[in-house]
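Student: One structure, pasted below without further comment.
The values are calculated or read from the model by the stated rules, or taken from the named source; none is laboratory data. Just so it is clear, the structure is predicted and the values come from calculations on it, not from any experiment. Here the Cβ positions follow ideal geometry from the backbone for every residue, glycine too, while neighbour counts run over all protein chains shown.
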Amino acid sequence: MAFIHKYSTISQGNFYNKNILDYYFNNIASIETIHPEYKKVISGINLRRMSAIVKMGLANTLACIPKQKVGAIVVGTGLGSIHHTELFLSSFTDSELSVLSPTPFINSVHNTISGEIALHTKNKGYNSTYSQGGLSFEGALTDAILLTKEGHNVILGGVDESTPILNDIMQKMDSQYKFTTGSTFFNLSSIKKDSLAEIINCIITKKQKLYSFINENFNPDEDFIISGSSFCNNSERAKHLDYSKFSGIYMSNSAFGIQLAVELLNSNITHIENHNLPLNMKRIFIINYATNNDVGITILRK
Amino acid sequence: MEISVTGLGVISAIGLDLEQNHNALRSLSSGISKINLIEGLSQDFLGGEIKLSNKELAEIAFGKDVNEKLPRSLLLSLIAAKQAWGSNKPNSRIRTAMIGATTIGGMDLTEQYFKTKESVESLHQHPCGIVTDYLANYFQLEDFKTTVSTACSSSANAIMLGSRMIKNNLFDRVLIGGGDALTKFTINGFNSLRIYDNEPCKPFDNNRNGLNLGEAAGYIILENNKSIAITKNNKIASILGWGNANDSFHQTASSPNGEGAQKAMQIALEEANLLPDDIDYINAHGTATPNNDLSEGRAIETLFGETTLFSSTKAYTGHTLAAAGIIECIFSILSIQNNTIFPVLNNNEKMTELKITPVKKIMQNVKIDTVLSNSFGFGGNNASIIIGR
């Protein structure tokens with residue numbers, strides 16, 4: 001199966017190359033995305049032309065590059081570079097210019113992120129991008145699990161960005177929440193040795209089937225649930241440790257939840273917030289309440 | 001593990017269903033015309049436009065007028081998916097997944113909002129996943145769903161994921177497709193890249209001058225034998241191989257020798273356990289941009305030699321972006337079923353850089369058992385699919 005060897009996050013909190021749990025226990029509050037010093041990891045010539053969302057994906061990728069050859073790069077994103085989408089839309093809506101700059105158009109294409117990662121890591125392997133609202137990361141993860149089965153060492157990531165225009169639109173749609181910016185990447189392979197966790201399963205199903213799935217599969221003595229969502233008006237997830245409180249709200253934030261689960265599996269902590277972890281914890285279920293009807297369920301074990 | 005195609009659906013500028021598309025292909029009639037359903041373009045553009053309003057498309061899709069404001073790519077996708085899915089039903093014994101493909105999602109409605117700042121709720125239809133969400137609900141498919149968004153190779157990659165899911169016994173049946181409507185966003189985008197021809201496009205011609213965009217949707221059903229034993233569907237064709245490789249050369253352009261294209265085709269041959277000589281015909285990506293056709297032409301020549309039979313159907317439909325991969329796989333299946341090669345159009349002068357020339361006259365009664373179909377996209381994305389009987 002698929003084993004996680006590395007992870008890296010850029011999100012709310014100073015997470016780059018660090019653990020989310022360290023942040024939690026240090027209790028450093030932030031509502032803004034904290035970006036690393038990109039010029040320390042990406043060369044200056046490349047950096048200047050790169051969109052913000054590509055910088056996040058590439059910096060996270062560089063933190064996850066394994067010793068072995070990477071055979072595949074897979075990315076999940078709900079909206080891609082929404083900033084460059086807005087720029088290009090405005091360029092032909094608001095002005096009479098007949099000569100438009102192609103740069104925002106190119107950067108708005110969803111697979112510019114995975115393509116730029118391949119370009120800057122000189123990777124000629126498999127490359128794909130998935131987008132399915134709040135389930136965008138689960139599509140990429142499902143492909144990544146297949147790719148490890150097929151023998152590839154995989155870079156897998158989720159990434160989304162927010163903009164003032166996007167949040168202005170959310171407000172006009174009477175949304176109770178604001179989108180934030182964030183990204184988490186992993187290195188996955190079929191090699192168990194020195195891995196941090198194994199992904200046992202990732203499924204997408206309807207919310208009404210979740211309860212029977214949990215009843216059939218969940219063992220409270222050994223299993224722990226964390227849950228989250230890329231939208232806020234959701235009461236179910238309050239029953240469990242809520243990863244979206246730490247990640248912020250973006251469509252591919254279940255990738256962040258998976259990193260948090262990997263860290264919990266490798267930690268000695270016995271409780272977090274109001275939740276006690278099983279003494280003999282073997283597995284963590286990550287439940288992503290993606291929409292009012294759809295859930296993604298990912299199961300990890302040490 | 002046999003991967004059978006058991007359903008086909010297509011709507012494009014050359015026809016509203018499979019039969020109409022086939023008739024246009026074999027009578028060499030192009031669907032490229034002046035784009036006149038999109039308001040507010042800065043100049044005239046030629047494209048593969050389906051000459052029906054959204055209201056008329058909705059009437060085909062739903063059999064009646066609907067009040068809902070739906071993106072045009074959704075309407076096209078629903079029409080093609082209904083043709084492919086036919087009378088199939090959800091079945092608890094058949095694990096069924098749904099994979100869509102798009103580059104623009106509901107961008108047409110987003111454009112309207114940016115212009116008028118009215119109907120903000122229509123922006124719920126913006127994200128790329130909305131068509132798949134809608135279709136999965138419509139056909140009551142409640143398991144895995146995703147949408148591939150790798151630009152012009154999106155639906156070829158969707159076929160690839162579906163085939164690998166069946167091969168790895170993750171699912172028994174997958175509804176796969178892609179759809180993109182013409183939008184100001186993509187027309188302006190390709191025009192800003194200076195690769196939009198204002199004459200009908202000329203794939204693999206020495207004087208080719210860029211692409212014409214088109215709009216289309218295509219859907220297919222893939223099934224394993226376990227699923228077919230239950231559905232009793234007829235096998236129409238088989239997916240034999242697939243390959244995806246990254247050119248890692250430039251954000252939008254292909255490498256001069258088509259390294260990524262060669263690698264994708266090579267991987268597909270290996271997956272199918274075939275040699276280049278086993279491929280009877282290649283349905284090339286052939287967008288008619290100077291860069292693509294040279295790069296792809298060189299890759300084909302290197303891998304398949306000077307006598308290979310290949311053509312591009314882009315001058316019939318226009319470049320339909322995320323739909324291109326799947327509609328061209330459907331056209332490849334028509335080639336197999338009818339032992340026919342549909343030729344390139346508008347091709348008058350041989351490319352000086354290549355020894356190979358595309359098929360320029362319709363070839364009938366040629367034995368076509370195995371076809372390779374190419375789809376290449378931005379981000380160096382190269383995808384090849386091999387289809388057999």
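Student: Can you tell me which residue among B:ALA315, B:ALA322, B:ALA284, B:ALA288 is at pLDDT 95 or above and more than 16 Å from B:LEU345 (Cβ to Cβ)?
Tutor: Step by step, each of B:ALA315, B:ALA322, B:ALA284, B:ALA288 is checked, and only B:ALA322 is at pLDDT 95 or above and more than 16 Å from B:LEU345 (Cβ to Cβ).
Student: To continue, here is another question. Considering only residues of region A:77-96 that are among the aliphatic types (A, V, I, L, M) and facing chain B (nearest Cβ under 8 Å), which is surrounded by the fewest Cβ atoms within 10 Å (Cβ to Cβ)?
Tutor: A:LEU89
Student: Oh, and also: If you check every pair at least six apart or on different chains, which have Cβ atoms under 6 Å apart with a residue in region B:311-327 that is at positive phi first and a residue that is assigned to a helix (DSSP H, G or I) and surrounded by 24 or more Cβ atoms within 10 Å (Cβ to Cβ) second?
Tutor: B:LEU321/B:CYS152
Student: When you go through (1) within 14 Å of A:ASN293 (Cα to Cα); (2) away from every other protein chain (no Cβ under 14 Å); (3) surrounded by 17 or more Cβ atoms within 10 Å (Cβ to Cβ); (4) not aliphatic (A, V, I, L, M) one by one for A:SER230, which number turns out not to apply?
Tutor: (2)
Student: Filter the helices (runs of 4 or more DSSP H) completely within region A:90-201 down to those with at least 2 residues that are touching a Gly at 6+ places or on another chain (Cβ under 6 Å).
Tutor: Ranges flagged: A:112-120, A:136-149.
Conditions tested, residue by residue: (1) more than 21 Å from A:GLY125 (Cβ to Cβ); (2) at pLDDT 95 or above; (3) assigned to a loop (DSSP other than H, G, I, E, B).
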site	(1), (2), (3)
A:ILE4	no, yes, no
A:TYR7	no, yes, no
A:TYR23	yes, no, no
A:ILE28	yes, no, yes
A:ILE31	yes, no, yes
A:LEU47	yes, no, no
A:LEU58	no, yes, no
A:ALA63	no, yes, no
A:PRO66	no, yes, yes
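Student: Then there's this: Can you find a residue in region B:126-148 that is farther than 23 Å from B:GLY380 by Cβ, facing chain A (nearest Cβ under 10 Å) and aromatic (Phe, Trp, Tyr)?
Tutor: Scanning region B:126-148 turns up at least one residue that is farther than 23 Å from B:GLY380 by Cβ, facing chain A (nearest Cβ under 10 Å) and aromatic (Phe, Trp, Tyr).
Student: Evaluate region B:170-181: report whether one residue or more is surrounded by fewer than 24 Cβ atoms within 10 Å (Cβ to Cβ) and within 9 Å of chain A (Cβ to nearest Cβ).
Tutor: For region B:170-181, residues surrounded by fewer than 24 Cβ atoms within 10 Å (Cβ to Cβ) and within 9 Å of chain A (Cβ to nearest Cβ): present.
Student: Can you pull out every residue in region B:352-369 that is of a type in the set (Ser, Thr, Tyr) and surrounded by fewer than 14 Cβ atoms within 10 Å (Cβ to Cβ)?
Tutor: Within region B:352-369, just B:THR352 meets the criteria.
Student: Moving on to the next point. Quick one: count up the residues across region B:167-182 that are closer than 17 Å to B:GLU142 by Cβ and of a type in the set (D, E, K, R).
Tutor: Matching residues across region B:167-182 total 2.
Student: Are any residues in region B:106-125 within 14 Å of A:GLY80 (Cβ to Cβ) and within 8 Å of chain A (Cβ to nearest Cβ), and if so, which ones?
Tutor: Correct list: B:THR110 only.
Student: Given the residues A:ILE249, A:ILE258, which is the only one that is touching a Cys at 6+ places or on another chain (Cβ under 7 Å), crowded, with 19+ Cβ neighbours inside 10 Å and either part of a helix (DSSP H, G or I) or at pLDDT below 95 (or both)?
Tutor: A:ILE249
Student: Here are B:LEU303, B:LEU372: which of them is surrounded by 18 or more Cβ atoms within 10 Å (Cβ to Cβ) and assigned to a helix (DSSP H, G or I)?
Tutor: Unique residue meeting the criteria: B:LEU303.
Student: In region B:308-331, what count of residues is obtained for those that are among the β-branched types (Val, Ile, Thr) and more than 20 Å from B:TYR219 (Cβ to Cβ)?
Tutor: 1
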